[in-house]
Amino acid sequence: MAQFKKRFAGGLLGSMRRSRGVQRGMLITGLTLTGFFMLLALVAPLIAPYGYAQLQDASGYFGAQEPPSAKHLLGTTVGGMDVLSRVIWGSQTALMVIVIAVAMSIFAGVILGLLSGYFGGWVDRVLVVVADAVYAFPSLLLAISLSIVISGGRSGLFTGILATAASITVVFIPQYFRVVRAETLRVKGEAFVESARVIGASHWRIMVRHVFRNATRTLPLILTLNASEAILTLAGLGFLGFGIDPTMGAEWGYDLNRSVADVSAGIWWTSVFPGVSIVLVVLGITLVGESLNDLADPRLRARSSAVLDAEEVAA
């Protein structure tokens, strides 16, 4: 995992150097939005004016559906909670779900993909059939079903995060499995792998030292795209009422669900800010993922290099 993080960070820095024009603007915008979201989640306990479920302070109860004011910069919800605090604390919940879900997905997907692609046989056939079956199942419906099985549909903060992350993990594992398996099938036929077999290297050493490094090069691209999908799945679960108990943690999807009736009454602040938060986070992560995907395309890299050479000649 440490090697993967180092490769991911190096890939971002390398992509920044290779990007040009609009592509660089997209990447910088995405990194800015994503970085702000991560920073907000990390410092949430320090900057949130109130707790995620706080209903009163020393002066008394806040009041329901109060418009933005000096006391409540983004107003209050129908349940009498501060909207700004819910938005800030919600970023922390979202980040924890993303980290846990993506980490578990990568761990399981990479191991299964390596074993399936390297050994083949009946193991490969069984894993491919299971992965295709899971991948063909509607992701949100699968997440809802697993959330009900794991936590009864709603639970406390950490148990809810684990249940939601586990639900998302099952959806993502087939994606990592298929990519790693395909790369493993390609890499295991290379000359350097055959040379390792000839000199008597064990299967474990070949998979870890030779196959793993070359079969996981595209994972950072999938990671960024899956992170944005995890946000949407989490919001979908919360909106449908299968997420985290509101008294145990803040979650943007649940807040949107509670604000549906407010929209027709002209109370816009209870829905706009959680919705904008989801849009900006998904937009930022998606821009990073799409930029990395474009930069990984050999045709686009060649075109970018040709443009750069032309600029240098003109200078």
Note to self: Residue by residue through the range 187-192, what is 3J(HN,Hα) from phi via Karplus (6.51 cos²θ - 1.76 cosθ + 1.60, θ = phi - 60°)? Round to whole Hz and write x for glycine and proline.
What the structure shows: 6, 5, x, 6, 5, 5
Notebook entry, point to check: In Å and whole numbers, how far do the C-alpha atoms of the range 206-285 stretch along each principal axis, longest first?
Noted result: 63, 24, 16
Item checked: Gap separating the Cα centres of the range 244-287 and the range 31-76, nearest whole Å -> 13 Å
Margin query: For the range 101-252, what does the convex hull of the Cα positions come to per residue, in cubic angstrom?
Written below: 106 Å³
Notebook entry, point to check: Considering amide H positions built from the backbone, and no H for Pro or chain starts, which residues 5 or more places from THR76, or on another chain, come under 5 Å of its amide H?
Noted result: GLN65, GLU66, VAL83
Next item on the list: Using θ = phi - 60° and the Karplus relation 6.51 cos²θ - 1.76 cosθ + 1.60, list the HN-Hα couplings for the range 176-185 in order, rounded to whole Hz, with x at every Gly or Pro.
Entry: 5, 4, 5, 5, 5, 4, 4, 5, 5, 4
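Every read-out reported here was derived from the displayed coordinates using simple, explicitly stated rules and does not represent laboratory data. Note that the structure is a prediction, hence the values are computed from the model and not measured.
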